[in-house]
Amino acid sequence: MPFFSKKRQEQGNSEQGGQRRECQHPTLAPRWDSAADMGKRDKVSMYRCASCGGEFGAAEGDALIARQEEARGPLGSEEGK
Ligand SMILES: [Zn+2]
């Protein structure tokens with residue numbers, strides 16, 4: 001299929017250092033096996049990255065999210081300062 005080479009060219013032009021780096025999975029969307037469990041964070045069955053499409057188990061996704069929250073710093077805890 002010729003689509004790929006075209007797409008690759010466009011990406012090459014717009015590449016601005018870091019595009020090729022490993023995905024940090026900034027947008028992990030939780031998935032639930034059962035609709036009844038939707039919204040319950042401890043019932044998440046897996047996470048899916050909206051950036052790279054990677055899928056992660058609940059434990060792995062939780063760890064990634066925790067790491068991201070840590071990197072961002074504590075949000076909404078300014079009152080404690
Ligand atoms: Zn990702």
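Only the coordinates and a few stated rules stand behind these numbers; no lab work does. Computed from a prediction, not measured in an experiment: that's the story for all the values here. Backbone-built Cβ (ideal geometry, glycine too); neighbour counts: all protein chains shown.
Structure notes:
- Dipole axis of the stretch 24-73 (+1 Lys, Arg; -1 Asp, Glu on Cβ), positive-most option in PRO30, ALA63, SER45: PRO30
- With both labels modelled 7 Å from their Cα along Cα-to-Cβ, the ARG21 to MET38 distance reads 3.5 nm.
- Between the amide H of TRP32 and those of SER45, distances stay under 5 Å, these residues lying 5 or more places away or on another chain, with hydrogens modeled in the peptide plane.
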